[in-house]
Amino acid sequence: MIYSLLLLLQVAADSVGGPTRQAFFTEGGSVWLPPQESTTAHEIDGLFYFILYMSILLTLIVTAAMVYFVWKYRRKSNADRPIDVHESKWLEISWITVPTLLVLVVFFWGFRAYVSTSIPPSDAITINVKAQKWAWGFEYQNGMQGFNEVWVPVNTPIRMEMTSQDVLHSFYVPEFRIKHDVIPNRFSYVWFEAPREGVYQVLCTEYCGTAHSNMGARINVVSRTEYYEILRNGPPGAGPVAPAVLGEQLYTARSCNTCHSVDGSSGVGPTWLGLWEQAKPGSDQGIADEEYLIESILYPQAYITPGYENANMPSYEGQLNDEQLAGLVAYIRVLNGAGTAADTTLSADADSSQSLAGQPPEGGMGDPSVPVADPVAPGEREAVRDDEPLIDSE
């Protein structure tokens, strides 16, 4: 019932959501829960159903006893007088012992599930996650970066090492049964292993401001071959494009649209329409030119637009390369009717660095000249986790 109701609610949410908002749950779930799409989900579900069914059973028992006692000890006439009732030691022992045993079962079962979902295998692939209002940033081991979308290999443990750039957030994937707070100035992590390929929704479940409900991301579980191809060449559709087109893509991919409109409507932050070459917002002199826009993106507290003192935009320093910054500026120019031919034309010497994904460092796993090998073959994973030798010592 609850799951069916949430499926109905998601239809309305999906119709107005951004590109990182998809169906909250994939198909195939139960009445109460979405489908199990990680190797540890069954442990969480088992404990949930045990608590659910025991709660229902105890509720029925207590309710039945109340109804029976009301009927049995009802006052039959005005002459009825209460009689002394002597306690039953066995009854008192039972209602102390049984709940205590149930609580201990829940404790040890829950502790076991907590340990198994908190300690990743030794062969897990680490992906760094940075949360900010209102987007998720991902960085792979080769230095490639992405926003609001991440690709991971199937049948491989993934360790998400997380921190927040501004306020408290919470990383939640319903199908994987993982949820953990993401805290400023502190690192936390969760791990999962998806046994099937698919696309899964990441949600923020800690209220973090006015656009909290739009803070979503996607986890794409792909084959191992496709995963390493993405590390070499970037995600699908990450090829070079014209600067203004790149800026328009970044406007959505980097969640600029959660704060800044492009049609003049008001929002959490000032609109981009009419911004180009107007009197520099937050300053007594100068105009909003390329230098001002780039500085505002990298150091948003340098100039505060009047009326938006509490917007508290996060810094994008180190998260956007030069081509991406130039693309955003080009998009704003085109948006305001001041675009040039260079803004809308793909240059002849454009390379793969001009994309949504950050350029991996030379010599890293993403460098096409360096062969990428699977560090641990799927058939050897259990040996690694059990600290057994991968080859015969003889």
Any hit, the range 245-265, residues being in a strand (DSSP E or B) and either modelled with pLDDT under 85 or at negative phi (or both): no
Which listed residue is in contact (Cβ under 8 Å) with a residue 24 or more places away in the chain, surrounded by fewer than 19 Cβ atoms within 10 Å (Cβ to Cβ), part of a loop (DSSP other than H, G, I, E, B) and not hydrophobic (A, V, I, L, M, F, W, C), from P236, P281: P281
Hits in the range 122-136 (condition: under 16 Å from G318 (Cα atoms), modelled with pLDDT of 85 or more and not β-branched (V, I, T)): N128, K130, A131, W136
Residue count for the range 303-332, restricted to those that are more than 28 Å from M144 (Cα to Cα) and either at pLDDT 80 or above or not acidic (D, E) (or both): 8
Enumeration of residues in the range 156-189 that are part of a strand (DSSP E or B) and more than 26 Å from T210 (Cα to Cα): P157, I158, R159
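Conditions tested, residue by residue: (1) under 43 Å from the mean Cα position of the chain (by Cα); (2) farther than 19 Å from W191 by Cβ; (3) open to solvent by 20 Å² or more (accessible area, probe 1.4 Å); (4) modelled with pLDDT of 90 or more.
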position: A65; (1), (2), (3), (4): no, yes, yes, yes
position: S88; (1), (2), (3), (4): no, yes, yes, no
position: W109; (1), (2), (3), (4): yes, yes, yes, yes
position: P120; (1), (2), (3), (4): yes, no, yes, no
position: N142; (1), (2), (3), (4): yes, yes, no, no
position: N148; (1), (2), (3), (4): yes, yes, no, no
Residues located in the range 110-155, provided they are assigned to a strand (DSSP E or B) and polar (S, T, N, Q): T126, N128, Q132, Q145
Residue count, the range 150-170 (criterion: open to solvent by less than 10 Å² (accessible area, probe 1.4 Å) and either of a type outside the set (G, A, S) or over 17 Å from the mean Cα position of the chain (by Cα) (or both)): 9
Answer residue from the range 286-302, given it is farther than 24 Å from A131 by Cα and small (G, A, S) and is modelled with the highest pLDDT among those: A288
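The values are calculated or read from the model by the stated rules, or taken from the named source; none is laboratory data. None of the values given here were measured: they were computed from a predicted structure. Virtual Cβ from ideal backbone geometry, glycine too; neighbours counted across all protein chains shown. Keep in mind that these areas ignore ligands, DNA and RNA; they rest on the heavy atoms of the full protein, side chains included. Shrake-Rupley method; radii C 1.70, N 1.55, O 1.52, S 1.80 Å.
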